[in-house]
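Computed from the coordinates by the stated procedures, all read-outs in this text should not be read as laboratory data. As the structure is a computational prediction, the values presented were derived from the model and not from experiment. Cβ placement follows ideal geometry from the backbone for every residue including glycine, while neighbour counts extend to all protein chains displayed.
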Amino acid sequence: MTRELNCPTIAGVVLAGGQSSRMGRDKANLEYQGQSFLDRAQSLLLTVGCSPVLISGRPDLPGGIQDHLPGQGPALSMLDALTAVSPECKGVLFIPVDMPLLQSVDLLPLISGQPGKVCAWINHPLPTFIPTQLDLPPRNDVRSVKYLLACLEIDWLDLPADRDVHFSNVNSPEDLTGLSHSG
């Protein structure tokens, strides 16, 4: 299911600038079901109609966005991405690179919510949709995604219990092994 072409565009941003210290290697290059985590995330954003699809924290890649201060976490990367997208974009849909089980059913409600509102699932600050025309908190105040979202008027959606597994992060070799056995 894709969005109609005449709708204002929504940029998709894969948050992929982390150090992957617990994993010991770049999570973007990990594979699940024959596809890298990064390729899966980009394909998912395209499937739900995002255009352009960008990669936060990876200026070395096509569509990559430079973090203003690398290594400072996803919340500041999100602020950097919001300033990097075209002002014609209606908003930005952010997904982490390390959630390979996400599906379009997990993202479509976020981008079809109330216009002009931030939208995320209860107990899951990522993925999230943030409109581009919001007043954002000062960079110096933002230390986490949860704090960033708390500063914005957000529409928290109830997540059906059977979909909670889609929001599992793969942060360690053990998580990757568990993912391989469940898929």
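So the values come out like this:
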item	result
Theoretical gain in end-to-end length, Asp60 to Arg139 [0.36 nm per residue, Cα-Cα removed]	26.0 nm
Residue-wise HN-Hα coupling along segment 39-47, computed from phi with Karplus coefficients 6.51, -1.76, 1.60 (Hz; x: Gly, Pro)	4, 4, 5, 4, 4, 4, 5, 5, 4
Where labels lie 7 Å past Cα in the beta-carbon direction, separation of Gln33 and Val105 in nm	1.2
Leu157 long-range amide H proximity, modeled H, under 5 Å	Ala120, Trp121, Ile122
For Lys146, Lys117, order by how many other beta-carbon atoms lie within 10 Å, fewest first	Lys146, Lys117
Placed amide H near Gly12: partners under 5 Å, 5+ positions off or other chain	Ser51, Val53, Leu54, Leu93
3J(HN,Hα) from dihedral phi, segment 52-63, Karplus parametrisation 6.51/-1.76/1.60, rounded to Hz, x for glycine, proline	x, 10, 10, 10, 6, x, 10, x, 6, 10, x, x
Ser51-Glu153 pseudo-label distance in nm [points 7 Å out on the Cα-to-Cβ vector]	3.0
Expected 222 nm ellipticity per residue - DSSP helices of 4 or more, -39500 (n - 2.57), all of the chain, to 500	-7000 deg cm²/dmol
Fewest-first sequence of Asp80, Asp141, Asp39 by Cβ atoms within 10 Å of each Cβ	Asp141, Asp39, Asp80
Phi to ³J(HN,Hα) by Karplus 6.51 cos²θ - 1.76 cosθ + 1.60 over segment 118-125, Hz, x for Gly, Pro	5, 9, 8, 8, 3, 6, 9, x
Bridge type composition, the chain - antiparallel percent by DSSP, nearest 5	35
Hydrodynamic radius of the chain per Kirkwood, over alpha carbon pairs, in Å	16.4
